[in-house]
Every structure is written in C-alpha cells, then in structure tokens.
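One structure is given here, and the rest of the page talks about it.
The values are calculated or read from the model by the stated rules, or taken from the named source; none is laboratory data. These numbers were taken from a predicted model, which means no experiment stands behind them. Don't worry about glycine lacking a Cβ; one is built from the backbone with ideal geometry, like all the others, and counts go over all protein chains shown. Calculation scope for accessible area: heavy atoms of the full protein, side chains included, ligands and nucleic acids excluded. Shrake-Rupley method; radii C 1.70, N 1.55, O 1.52, S 1.80 Å.
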Amino acid sequence: MKEEDDFYIGYLDTVSPKTKKGIKSFVLFGILLLVGGALLFAFTQNTFKNSTFELTTSTKITGVYHEMPYPMLRVQTDENVYKNILLLGFGKSSANPFLQKIRNEAGPLSGSVLSIEGNLIYYNGKTLIQITSDEKITLVEKANPNRLPKTEQLISGMELQGEIIDPKCYFGVMKPGKGKIHRSCATLCISGGIPPVLATTDKNNIAEYYLLTDTDGNPINEQILPYIGKPSILTGNVVKMQDWYQLRIKTEDIHDLDLPSKIY
C-alpha cells in the first residue's frame, strides 16, 4: 500500500509524528552545526600570550638611568639582584622625546638616579615601562658613571635564527601582537625609535630575546626596517648586560630565509 504524504495544516493544534521527527532532526542538526562552528573558530585562533600591559595603572620606579645604547632604568629588586627596565615613550615613540626636558635641565643622564612613573609591560622575564609625560620623570641623584651596569662579551660570531620584532607591542601592548597587521605596526614603532629585538627559540623551545645594535653597540632603527618580521639568520657578537643580551651586528650581513613568518 502506498504511504500517503504528510500534510501540515497550520490551524490545527496537532502535528503528525513524521513532522515532529523532521523538526527534531533539523533542530539537532542546527545545534550541532553551531557548536561545531564555535569549536572550530576557537581552536583556529591565536592564543593570548601570558603578558601584561598595565594601561590603567601607573607605577613609579626608581633606579639608575643608562643608555647602552637604548634608554633603560636599572632597578634593584632584591639584594644584589637588578632588573634593567626598557624605557618607551607613549604610542609609537622612543623614550627620548620624554627625556629631553630633564636632559636640558640636568645635562647628561647616564649614571643618574631617576624616578619614573608610567605603565608597566612585562612578559617572559622582560619588563618595559611606557612613559606618558615628561612631567613624570624626576631627577633623584646626579650622574655618577660608577653606577653604570657592567657588560660582558660572551660569544663572538654567534649565528642566531629568528625574527625581528618591536618589544612594545609583542611583549604586551597588543595581545597577541601577531599577524600581518602587527608587522606594519612594528615597522612604525621601530622607525619611531623603539629598540629592535631579535626573538629566537632554542632547540628546547625556550624563547630568548636580543637587543640589536651595530658592531660598536650603537642604536640601529632605520637600517633594520626591511627585515622586520622576516625569518632570518643574524650573525654578531653577544654581549650580556645583566638580564638582557645584546647582539651586535652588521645589518648588511642579515640573511633573509624567505620563509613565512611565525610571528607576523
């Protein structure tokens, strides 16, 4: 006997078993599709780094100012334990414009004790501070070169593979600070005077960071711009300054590996 087609009549309160089954299947399929799509979206996104940018909190730090070669404040955190905090300006600027007023008043600052209030940024053992106003920098003690941190040359001709990043966005201001849009942002930051940093990972998947300078330990910014966010091999001398490493290089010797960026 031929099965009759189900026929739905809207003004009747009852629904046939066949129609009920169809509605249930459709709703179940819709729920599964929604949940599956949400899970797929979640697992394909970049995870946030365990970094912090204290945008709404101002912190005052006091320490020895030095430029070796980028502006830093050497802060004592425990007995015979020091941390060199990288100084940054507001936005895509170095700290130098914000230090100009106190330089004009006090002269050369290297070796002086400064008190600086700003927004802390920290990630993977590195600490930075964003200065938002030159009024938040105070001279505590005048310059004394004996206060300057010592540097130690560790390795000559060290070859490292990694990518050049800007530490401000990467270390915490722009979470996760990855993707193509952040490469152009990094270029603007470094061209504005923010120090370039080489981000590397060793064979044990442990990250390490190197402030980049020229072979004499001077700042490099404009020269490094073509290599930002490009997996490259850099060769130079490694210098240790307490909790930071420097890599002193010739930019013309940077070897672009022509590989997709793992960061940008």
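Brief remarks follow.
- Scan of segment 76-96 for residues that are more than 19 Å from Leu55 (Cβ to Cβ) and either in contact with a strand residue (DSSP E or B) (Cβ under 6 Å, 6 or more places away or on another chain) or without any contact (Cβ under 8 Å) to a residue 12 or more places away in the chain (or both), ordered by number: Gln76, Thr77, Asp78, Glu79, Asn80, Val81, Tyr82, Lys83, Asn84
- Scope segment 84-101; condition in a loop (DSSP other than H, G, I, E, B), of a type in the set (A, V, I, L, M, F, W, C) and closer than 18 Å to Glu222 by Cα; matching residues: Ala95
- Test: residue in segment 3-25 that is open to solvent by 80 Å² or more (accessible area, probe 1.4 Å), modelled with pLDDT of 70 or more and assigned to a helix (DSSP H, G or I): yes
- Within segment 112-119, one or more residues are of a type in the set (Ser, Thr, Tyr), without any contact (Cβ under 8 Å) to a residue 60 or more places away in the chain and buried (at least 19 other Cβ atoms within 10 Å of the Cβ).
- Count of residues meeting criterion [touching a Phe, Trp or Tyr at 6+ places or on another chain (Cβ under 9 Å) and either at pLDDT 75 or above or among the polar types (S, T, N, Q) (or both)] in segment 33-63: 6
- For segment 121-229, no strands (runs of 3 or more DSSP E) sit wholly inside it while including 1 or more residues that are of a type outside the set (Phe, Trp, Tyr), open to solvent by 40 Å² or more (accessible area, probe 1.4 Å) and touching a Phe, Trp or Tyr at 6+ places or on another chain (Cβ under 6 Å).
- Qualifying residue in segment 213-228 (condition: out of contact with any Pro (no Cβ under 7 Å at 6 or more places or on another chain), among the charged types (D, E, K, R) and closer than 18 Å to Ser156 by Cα): yes
- Selection of segment 230-264 for residues being buried (at least 18 other Cβ atoms within 10 Å of the Cβ), without any contact (Cβ under 8 Å) to a residue 40 or more places away in the chain and part of a loop (DSSP other than H, G, I, E, B) yields only Ile254.
- Among the residues of segment 149-164, those that are modelled with pLDDT of 95 or more and under 22 Å from Leu88 (Cα atoms) comprise Glu163, Ile164.
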